[in-house]
Amino acid sequence: MRSTLAFALGAGLAIAACGGDAEPSGDAPTDPTATTMAAGQSAAPEGTAVPGPTAAPAVTAAPGSNPSGGTAAATGAPASADTAGSVAPSTAPSAEPPAPVPDPAVSLTEVASVDAPTDLAWRDGDEGLYVVEQGGRIVRLGGADPTTVLDVSELTDAGGERGLLGLAFAPSGDVAYINYTDNDGNTVVAEYPVDADGTFRTGDEARTVLQIEQPYANHNGGGLKFGPDGYLYIGMGDGGDGGDPERRASDPSELLGKMLRIDPAIGGGQPYTVPADNPFVGTDGAAPEIWATGLRNPWRFSFDRDTGDLWIADVGQNEFEEVDVAPATGGLEAGRGLFFGWSAFEGEARFNEDVSPDGHTPPIFTYAHDEGCSISGGARARGGLVATLEGWYVFADYCAGTVWALEVLGAGSELSAGRRVTLAEVDAPTAVVDGPDGALYVLSGAGPVLRLDPP
């Protein structure tokens, strides 16, 4: 059943601190009955679980505003320069300044309600939307009722930041890859053939592609995306605890705290192959799977479907959340070999002094913890249902329950952030994802899958 939602934000959103102990920080969504948050208020111990809301989530779609944290672009024509001599001033009328671009506004339409959604994916030629539930199911939306097409709940111990966390379909559409933490808490990327009706084939036809040991229970990442180049990108958190205690994010021998890039097809007797142009191929002591370094918990990332730019929403520590972008235009390679700064920096603030800051790529946008405490990315609006959102980057904060749009100015190496506009309030938003037609969807950890529609 589809219904447009426009009511107040419900109570019960849980916030917990992300400190330096070994407990989960809750940067990602939590299990349906308890919520553990990353980077919250310093008075609460990291990993504190608080029961989630029991009532139906409330969502408010709001006209745009311009809260602090964004920088408005300047408009208007430049002033004329003075001229020497006796030349008479021009009598031509001055040009009118361009009309200001209106703030985008949306309404929210509930398209389904599932159990603790964490991700959404789609495949070419299929009208269905595939929603990931943290507990271990993948549900296809598109028929009269949601249909379970995969259930791996026996393979994962969901809760906190663990569980079934990501899904991506190969460009062919007949193979899918999932990212989950197994019953020991370690990351697994697995491959499943997919039938024409969207059902995943299990048993002997499924296979493990990649396993990564997790030293702590938090910062598992979980995102999967096929890039415009046809390779599989994997977002990996720094392994957890607080403050990157083993400095894994900047260590090129570690897969944690990185963006990875692989060809998941079997090759040379191995479960996957490494593209020859990965930046650390051939570097002694470095993991060749690494594409970019210096990430704390890149819970959600996306590719701009028009430009191929890589956008990363990286969850912060105690003070700042950040949006990173790696342009793919102007001769740039969407993040190849970039160091995004963690844990030398949190946002733009110096963090671990013993980690070198050299060569880091600063975020395009940050916000402080007086506005939220766990960023949930994020996609750039392209060709969707809301014309005024075209080109804006849309993201949310799990703690604050706010969905924002960030104006994007320039292109390539000249990309910068303009205004930030509040779009809506949603209970525990876990992700903002673009669908096959460019429509944007917000997933609420309380259950609803919401589409951004015109107001």
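Key figures
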item	result
Residue within region 176-193 that is touching a residue at least 60 places away in the same chain (Cβ under 8 Å) and of a type in the set (Val, Ile, Thr) present	yes
Residue selected from region 146-158 under the condition in a strand (DSSP E or B) and of a type outside the set (D, E, K, R), by the criterion surrounded by the most Cβ atoms within 10 Å (Cβ to Cβ)	Leu150
Number of the exception - Gly341 against (1) touching an Asp or Glu at 6+ places or on another chain (Cβ under 7 Å); (2) farther than 15 Å from Trp311 by Cβ; (3) buried (at least 22 other Cβ atoms within 10 Å of the Cβ)	(1)
Candidate set from region 297-328 (those that are over 10 Å from the mean Cα position of the chain (by Cα) and among the β-branched types (Val, Ile, Thr)); member that is surrounded by the most Cβ atoms within 10 Å (Cβ to Cβ)	Val325
Any hit, region 241-259, residues being closer than 25 Å to Ser376 by Cβ, touching a residue at least 24 places away in the same chain (Cβ under 8 Å) and in a strand (DSSP E or B)	yes
Whichever residue in region 418-443 is within 15 Å of Ser107 (Cα to Cα) and small (Gly, Ala, Ser) and, among such residues, is nearest to the chain's Cα centre (by Cα)	Ala439
Residue within region 392-399 that is modelled with pLDDT under 95, within 21 Å of Asp309 (Cα to Cα) and either in contact with a helix residue (DSSP H, G or I) (Cβ under 7 Å, 6 or more places away or on another chain) or not charged (D, E, K, R) (or both) present	no
Qualifying residue in region 134-156 (condition: among the acidic types (Asp, Glu) and within 25 Å of Phe395 (Cβ to Cβ))	no
Selection within region 173-198 - closer than 14 Å to Ala121 by Cα and not in a strand (DSSP E or B)	Gly173, Asp174, Gly198
Flag if Leu295 is hydrophobic (A, V, I, L, M, F, W, C), over 27 Å from Thr118 (Cα atoms) and either modelled with pLDDT of 95 or more or in a loop (DSSP other than H, G, I, E, B) (or both)	no
Subset of region 397-455 that is outside any strand (DSSP E or B) and acidic (Asp, Glu) - its residue that is nearest to Val101 (Cα to Cα)	Glu414
Cross-chain or 6+ apart pairs with Cβ under 6 Å, region 360-384 first and under 23 Å from Glu414 (Cβ atoms), then part of a loop (DSSP other than H, G, I, E, B) and of a type in the set (Lys, Arg)	Arg382/Arg305
Sole exception among (1) closer than 23 Å to Leu440 by Cβ; (2) modelled with pLDDT of 95 or more for Glu127, by number	(2)
Of the criteria (1) within 23 Å of Tyr272 (Cβ to Cβ); (2) surrounded by 23 or more Cβ atoms within 10 Å (Cβ to Cβ), which one Val131 fails	(1)
Residues satisfying the stated conditions in region 159-172, i.e. assigned to a loop (DSSP other than H, G, I, E, B) and crowded, with 24+ Cβ neighbours inside 10 Å	Gly160, Glu161, Gly163
Conditions (1) assigned to a strand (DSSP E or B); (2) over 23 Å from the mean Cα position of the chain (by Cα); (3) not charged (D, E, K, R); number of the one not met by Gly143	(1)
Options Gly243, Gly269: the member that is farther than 19 Å from Gly285 by Cβ, of a type in the set (Gly, Ala, Ser), at pLDDT 95 or above and over 20 Å from the mean Cα position of the chain (by Cα)	Gly243
Qualifying residue in region 274-287 (condition: crowded, with 19+ Cβ neighbours inside 10 Å, in contact (Cβ under 8 Å) with a residue 60 or more places away in the chain and either touching a Lys or Arg at 6+ places or on another chain (Cβ under 6 Å) or not basic (Lys, Arg) (or both))	no
Lone qualifier among Asp229, Asp238 - being surrounded by fewer than 20 Cβ atoms within 10 Å (Cβ to Cβ), among the acidic types (Asp, Glu) and part of a loop (DSSP other than H, G, I, E, B)	Asp229
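Every residue, every condition in (1) assigned to a loop (DSSP other than H, G, I, E, B); (2) at pLDDT below 95; (3) not aromatic (Phe, Trp, Tyr), yes or no:
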| residue | (1), (2), (3) |
| --- | --- |
| Phe301 | no, no, no |
| Arg305 | yes, no, yes |
| Glu322 | no, no, yes |
| Val325 | no, no, yes |
| Arg336 | yes, no, yes |
| Ser343 | yes, no, yes |
| Glu353 | yes, no, yes |
| Ser356 | yes, no, yes |
| Gly372 | yes, no, yes |
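The values are calculated or read from the model by the stated rules, or taken from the named source; none is laboratory data. Note that the coordinates shown come from a computational prediction; the quantities given were computed from them, not determined experimentally. Glycine gets a Cβ as well: all are built from the backbone with ideal geometry, and neighbour counts include every protein chain shown.
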